[in-house]
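Read through the structure below, which is laid out as structure tokens, and then see the notes.
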Amino acid sequence: MIRPVILAALSLSVVGLAPVAGADKRYGPGVTDTEIKIGQTVPYSGPISSLSRFGRIETAYFGMINAAGGINGRRVTLVSLDDAFAPPRAVEQTRRLVEGEGVLAIVGSIGTPTNLAVAKYLNSKQVPQILILASTPKLNDPDNLPWTTTFMMPQPVETRIYAEYLLRTKPDAKIAVIYQNDDLGKGNLEGFKAALGSSASMIVSEAAYDITDPTIDSQILALKASGADTLFHASNARFAAQAIRKAHELGWKVQHVLLSGVSGISAVLAPAGLSASTGAVTSFWLKSPENPVWDADEGMKAYSAFMKEWAPNEPLDDAVFPYATAQIIVEVLRKCGDDLSRENLIKQATNVSEFQLSMFLPGVTINITPHQRIGWRKARMARFDGTRWVLLDDVIGD
């Protein structure tokens, strides 16, 4: 039986996301009077399999939606396949979803290199590739990729927040950068340098790693030797944890600056060591279950009840973003009404105005247009106090 507090999550207060009324039924592939079939690829195996929680949480959320009657009376079927975070595998699995499973759209796939690898194929087939979890600005290209939208703060926007924070609070910082040797790491490094502008000389050392490397101990040793007092992590969760732990072992008292996507307490800070992680900063656009300020918040109550009922084995602090992603997917599908063609789906996915998700911070709203596919541009800085993330500033950004 679904709890009333969970059902409350289905009636989010939204602006600009009302269902289409009175439209004739139009169905694309994967849609019937009783079902909407969508697909995604997620790294259930491989070097960043920790991100598989996105697939599990979204599947659980759709299970809750289906138990409550589905979307406009239709059951949602999410076919979530393993791409091992390998672009060739992502291409193979995406073709299987489109040509074998016959899905309506690719929705919520995670990873920069994997989404880049399939974007041209999906656009050539006019298959919506929407609300994907990739931060590269290369996917915000409505002229060349009209069937693609993202659902993650893009690298130039997020890195500007960190650059402005450091320029304001630590203008004499000596910054080292550890970055992943792919579009994720290089894009964030490039965006960070651009945001520092004439102060880019604050970066005194850089070191890259490949995602297949067993450790980054040698890179951290080299960065420490540079004399840097600040470490910007343009990396994934596994290597962020390694870097924090190794810096602590070396006695390197450095200010860690983490990407928002790799700041989870269970996934990153606890493996690195809570003491070693104390003082790290990042940006937040989501409410944190560890912060008691949200204990009485209705959105947090609904989230906690969902997790207890539908995903009891998942860490509470690391599932907020997958939960929010599932919410926006549901709202875009709901907005389609009975016109569940691929053409209408991309239309609705690119016409979202001032949409406040229940687990996004107040004031951080979703705005997507046909010409601007970036979902949001605002966040708040936060510092880890050894137990939880503490918000520092008002909402900042465009």
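The values are calculated or read from the model by the stated rules, or taken from the named source; none is laboratory data. This one's a predicted model, so the numbers in the text were calculated from it and none came from an experiment. When we count neighbours, we look across all protein chains shown, and the Cβ atoms used for this are built from the backbone with ideal geometry, even at glycine. Ligands, DNA and RNA are stripped out before the accessible areas are found, and what is left, the full protein with its side chains, is counted by its heavy atoms. Shrake-Rupley method; radii C 1.70, N 1.55, O 1.52, S 1.80 Å.
Peptides 135-141, 98-104 ranked from most to least packed by the mean count of surrounding Cβ atoms within 10 Å: 135-141, 98-104.
Quick one: angle between helix 298-310 and the longest Cα principal axis of the chain, in degrees between 0 and 90, rounded to 10, please. Relative to the chain, helix 298-310 is tipped by roughly 80 degrees. Round to the nearest 10 and give me the degree value, 0 to 90, for the angle of helix 183-196's Cα axis relative to the longest principal axis of the chain. Approximately 60 degrees, to the nearest ten.
For region 115-130, the Karplus equation 6.51 cos²θ - 1.76 cosθ + 1.60, evaluated at θ = phi - 60°, returns couplings of 5, 4, 5, 10, 4, 5, 4, 5, 5, 5, 8, 6, 9, x, 10, 10 Hz by residue, with Gly and Pro reported as x.
Just the protein heavy atoms count here, and of the accessible area of the chain at 1.4 Å, carbon and sulfur take up 51 percent.
Relative contact order of the chain, taken over Cα pairs closer than 8 Å and 6 or more residues apart, is 20 percent. Applying 1/(1 + (r/R0)^6) with r as the Cβ-Cβ distance of LYS170 and SER45 and R0 = 41 angstrom yields a FRET efficiency of 0.55. Dipole size of the chain about its Cα centre, with +1 on Lys/Arg Cβ and -1 on Asp/Glu Cβ: approximately 60 debye, rounded to the nearest 20.
Taking each DSSP H run with n ≥ 4 as -39500 (n - 2.57) and averaging over every residue of the chain yields -10000 deg cm²/dmol at 222 nm.
What is the extension gain from ASN144 to TYR121, computed as 0.36 nm multiplied by their sequence separation minus the C-alpha to C-alpha distance, in nm to one decimal?
On the way: separation 23, 0.36 × 23 = 8.28 nm, distance 1.18 nm.
Additional length available on full extension: 7.1 nm.
Suppose we keep just the DSSP beta bridges with both residues in the chain; what percent of those would be antiparallel, to 5? Among the beta bridges of the chain, antiparallel pairing accounts for roughly 30 percent. Short-range pairs are left out: with C-alpha atoms under 8 Å and at least six residues apart, the relative contact order of region 117-258 is 21 percent. Here Kirkwood radius over Cα pairs in Å was computed from the coordinates, and among (i) 21.4; (ii) 23.3; (iii) 27.4 the match is (i).
Sorted by mean Cβ packing within 10 Å, highest first, what order do the peptides 351-360, 207-216, 280-289, 35-44 take? If you can, show how the numbers build up before the last one.
Numbers: 351-360: 19.0, 207-216: 15.1, 280-289: 22.4, 35-44: 24.1.
Sorting 351-360, 207-216, 280-289, 35-44 by mean packing, highest first, produces 35-44, 280-289, 351-360, 207-216.
Separation of region 99-174 and region 245-265, taken as the distance between their Cα centroids, equals 25 angstrom.
Over region 187-257, what is the relative contact order in whole percent, taking alpha-carbon pairs under 8 Å and six or more residues apart? It would help to have the intermediate numbers written out before the result.
Working: 49 pairs, mean separation 21.7, N = 71.
Averaging sequence separation for qualifying contacts and normalising by length gives 31 percent for region 187-257.
When peptides 174-181, 382-389 are ranked by their average number of other Cβ atoms within 10 Å per residue, the highest-first order is 174-181, 382-389. The Cα center of region 355-396 and the Cα center of region 33-50 differ in position by 25 Å. The long axis of helix 155-169 is offset from the longest Cα principal axis of the chain by roughly 40 degrees.
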